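Right, one structure below, let's go through it.
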Amino acid sequence: MKTQDRPAVTSRKLLPDRKTTRIAWMASLGFSVSLALLPWLIKLDGKPHADWQQFLGRFHPLAVHLPIALLLLVPVLEIAGAFRPALREAAGFVLVLAFASAILALTLGMLLAYGGGNTGTLVTRHMTGGIALTIGLLACILVRPWWIGHDGPVVYPALLACMIPLLLWTADQGGSITHGSNYLTEYMPPTLKRLTLASTTISPSSFYAMHINPIFDSNCATCHGAAKSNGGLRLDSFDLLMKGGKDGPVVIAGDPEKSMLLQRITLAPDHKQFMPAEGRTPLRAEEIALIKAWIQQGASPTVGTLAGISTTDDRPALPPQPVADYSALMPEIRQMQQAQGAKLIPVSSKPEDGLILFTVDAASSFDDAKLAQFKKFAPYIVEAELGRTAITNASFDTLKQFMHLRALHLEETHINGDGLGKLASLSQLTYLNLSGTQVTAESVQTLTSMKSLRHLYLYNTPAQPTATPPPAQPIARSTP
């Protein structure tokens, strides 16, 4: 063969001879370019759109398994076809089905992300993987006849082999959106985890990992996580939490009062900026207290304990005991809610869940005598917000009658601990905040018999124990 004829021969091998085939190739190229530009043509703006888009999009998790199964079946049929030619013919048909189902899954996925207002790194990665897989399947369809005709023995097998790891990566991104970014690695053997995740793992014994991150994960990650990051804010890792959102940092280490995150979660539930938004369950008082204390003491990702805060998670959490039906008292409770002063708020629509005593609107004037007026409701109160009120040690005689009390706030009150042991009869009390009072270590000792008490706050009191020093080993900066 003459040297000048070689390019022409190569061109004939690479380009199809038939006109219809060339048209198919050009059409496929245009289709692939359109798919590649899809993220720029349909921008995920993080805002929910039409209901029909969300309705159809929610079939994506069902449809996405079809191309996965078909794509995994193709190489099996191709290999088996070496021994039984009929199976190789079936492989071509299955490949086309895989491509068609990939288009369906990609379409539904786009509807789900765009209609539901889902954004974030994982969503982008999952979508990019889906687009790449669809284009790759189309390419496999185009080059497979070339492989069958023995003109190109390498391209199709190599392309098909590349599709498998791409499929696994894309599926992992999708699974992480649904089950969390550590779904595959949570129970990974420690040795393997150190090799693969050393730079993204935080100490599991730090106060942040044990107490703060689980609160955000349970209550906030739906809207501020990998799948969706409203306001540009993500709370699913320490670094992203401290980075803040579009409005700036949300945590000011050492200054909870200026931390936007704490401000939002302590607003009135009907406030338009209250968090968690969209009618989700507000954070519990003890969860807010943990976040506040953590910010107040530096918002560290490494310290194992906080000064003055005792959390005993190794004690089994007792199931909440239902209270008696207070429905007959609802007219009086509603009248109280509309008046100035302390209020009783139902925990939920179920009377057996009990009532919460709020005194925030009248804290400075709420004293022992006013607390005694709530004896009538004592059997139904499960939480008492008495922080910064004017109550004294005399209130212990009243509080010991609140037999269903689970959480008690006495922070920054005038108590000094005399008579504190009277609370030991509250068998369901799991949370007690005495921060900023004058309780002593001796008075706190009278509570040691309380098996249910799991969270005790003694910050800024004479009874405050010494904090445990930070762990010595270096800790990675990111979170689980």
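The values are calculated or read from the model by the stated rules, or taken from the named source; none is laboratory data. Here the structure is a predicted model, which is why all the values come from computation and not from measurement. Here the Cβ is made from the backbone with ideal geometry for all residues, glycine too, and neighbour counts use every protein chain on show. Side chains are part of the model used for accessible areas, which takes the heavy atoms of the whole protein and leaves out ligands, DNA and RNA. Shrake-Rupley method; radii C 1.70, N 1.55, O 1.52, S 1.80 Å.
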Inset, instruction - Please tell me if Val323 is touching a His at 6+ places or on another chain (Cβ under 9 Å), of a type in the set (A, V, I, L, M, F, W, C) and within 30 Å of His414 (Cβ to Cβ). - result: yes
Inset, instruction - Being at pLDDT 90 or above and open to solvent by 10 Å² or more (accessible area, probe 1.4 Å) narrows it down to one of Asp361, Asp397, Asp353, so name that one. - result: Asp397
Inset, instruction - Just one of (1) modelled with pLDDT of 90 or more; (2) among the small types (Gly, Ala, Ser); (3) more than 29 Å from Gln321 (Cβ to Cβ) trips up Ala441, so point out which. - result: (1)
Inset, instruction - Run down Gly136, Gly115 and say which single residue is more than 20 Å from Met26 (Cβ to Cβ), out of contact with any Ser or Thr (no Cβ under 6 Å at 6 or more places or on another chain) and small (Gly, Ala, Ser). - result: Gly115
Inset, instruction - For Leu104, state whether it is more than 25 Å from Cys223 (Cβ to Cβ), touching a Cys at 6+ places or on another chain (Cβ under 8 Å) and hydrophobic (A, V, I, L, M, F, W, C). - result: no
Inset, instruction - Within segment 409-418, count every residue that is over 13 Å from Leu458 (Cα atoms) and open to solvent by less than 30 Å² (accessible area, probe 1.4 Å). - result: 0
Inset, instruction - Could you check how many residues of segment 102-132 are outside any helix (DSSP H, G or I) and either at pLDDT 95 or above or of a type in the set (Val, Ile, Thr) (or both)? - result: 1
Legend entry - Residues (within 20 Å of Glu411 (Cα to Cα) and open to solvent by less than 10 Å² (accessible area, probe 1.4 Å)) located in segment 364-381: Phe366, Leu371, Ile381
Inset, instruction - Confirm whether Ala80 is open to solvent by 20 Å² or more (accessible area, probe 1.4 Å), of a type in the set (Gly, Ala, Ser) and either in contact (Cβ under 8 Å) with a residue 40 or more places away in the chain or closer than 25 Å to Ile42 by Cα (or both). - result: no
Inset, instruction - Just give me the residues in segment 76-93 being small (Gly, Ala, Ser), out of contact with any Leu (no Cβ under 8 Å at 6 or more places or on another chain), part of a helix (DSSP H, G or I) and farther than 14 Å from Cys140 by Cβ, in sequence order. - result: Ala86
Legend entry - helices (runs of 4 or more DSSP H) contained entirely in segment 133-244, each with at least 1 residues that are at pLDDT 80 or above: 155-179, 213-219, 238-243
